[in-house]
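Here the structure comes first, spelled out in structure tokens, and everything after it is commentary.
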Amino acid sequence: MEAHIAEGTLLWEPSEAIRRQSNIRAYIDWLRQHRGLDFNDYDTLWKWSVTDIEDFWQSVWDYYALQTSAPFDTVLAERKMPGADWFPGARLNYTEHVMRNASKRFPALIFQSESAAAVEISWRQLHERVASVAASLRRMGVGPGDRVAAVLPNIPETLIAFLATAAIGAVWSCCSPDFGTRSVIDRFTQIEPKVLLAVDGYTYGGRRFDRMDAVSHLMAALPSLTHTVLIGTAEPHFGAAGPEKVLLWKDLLQEPAELVCEQVPFSHPLWILYSSGTTGLPKP
């Protein structure tokens, strides 16, 4: 016999042991110790966070010990939306903060696909590959504010390319390779990317889906491109369509480099997402 569950019925509640070990509890304890603030539960913490907005976000900044090359002038210049300007004056880099978490005890990434066993990428390997790709992007002429577009699945190369893009202050935007070609063009033409990274195909449900025709169409439809980087096993035969240079992923990893992280304002864009496009073009 099925139990009747009415609207509002509490289905699950964490034990006290789980609560004590949670990240939010660690933050609440930190607030008590360093700010003299005492919150008995999540609701009171939330109410404080949306009332004393500047104090809350200052505490988050301090709790995570964010590092900047230039300090911020104030937490929030003006309480208005749209137009709120957070931490004006601060200069920092997202990738630099990710790399702070490097550990010899744990891998940076564990990846497993449908067709291969799990592989681990160490923090050292991640650092080296991000540095090489960032240097390669710089040689392609990509700089702060330029857009790097990708048609990639959830693979290690995607993470590496994103972190490399952020390291040089460029702006990342990615679509899944199972998107229709027109859907990708509708998105990327609006942001005028300088570089495109794409897979030659992907596997789903045990089937291989070739995407070389889609890549060719994208190259022809994006006149802003100066380079395309192909990730996969195919050789880049594109004829006359596309940018002046087509590279393979391995080309970006050939030269060791130092990881140099561009210092950008706190409000500098990190990546571009899109609306669904159900009422016109997808909105970046």
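The values are calculated or read from the model by the stated rules, or taken from the named source; none is laboratory data. Keep in mind that this is a model prediction, so the values were computed, not measured. Ideal geometry is used to build each Cβ from the backbone, glycine not excepted, and the neighbour counts take in all protein chains shown. Side chains are part of the model used for accessible areas, which takes the heavy atoms of the whole protein and leaves out ligands, DNA and RNA. Shrake-Rupley method; radii C 1.70, N 1.55, O 1.52, S 1.80 Å.
Just one of the listed residues (Trp48, Trp12) is part of a helix (DSSP H, G or I), out of contact with any Cys (no Cβ under 6 Å at 6 or more places or on another chain) and not β-branched (Val, Ile, Thr), namely Trp48. Scanning the range 173-196 for residues that are charged (D, E, K, R) and surrounded by fewer than 16 Cβ atoms within 10 Å (Cβ to Cβ), which turns out modelled with the lowest pLDDT? So, considering only residues that are charged (D, E, K, R) and surrounded by fewer than 16 Cβ atoms within 10 Å (Cβ to Cβ), the one modelled with the lowest pLDDT is Asp178. Residue-level check: of (1) in contact with a Lys or Arg (Cβ under 7 Å, 6 or more places away or on another chain); (2) open to solvent by 60 Å² or more (accessible area, probe 1.4 Å); (3) not acidic (Asp, Glu), Ala117 misses just (1).
Pairing each residue of the range 176-191 that is among the charged types (D, E, K, R) and part of a loop (DSSP other than H, G, I, E, B) with any residue that is surrounded by fewer than 16 Cβ atoms within 10 Å (Cβ to Cβ) and modelled with pLDDT under 95, provided the two are 6+ apart or on different chains, yields C-beta distances under 8 Å for Asp178/Tyr204; Asp178/Phe209. Residues of the range 152-172 include none that is over 30 Å from Arg100 (Cα atoms) and open to solvent by less than 10 Å² (accessible area, probe 1.4 Å).
When Tyr64 is tested against (1) free of Cβ contacts under 8 Å to residues at least 12 places away in the same chain; (2) surrounded by 12 or more Cβ atoms within 10 Å (Cβ to Cβ); (3) in contact with a helix residue (DSSP H, G or I) (Cβ under 9 Å, 6 or more places away or on another chain); (4) of a type outside the set (A, V, I, L, M, F, W, C), just one condition goes unmet, and that condition is (2).
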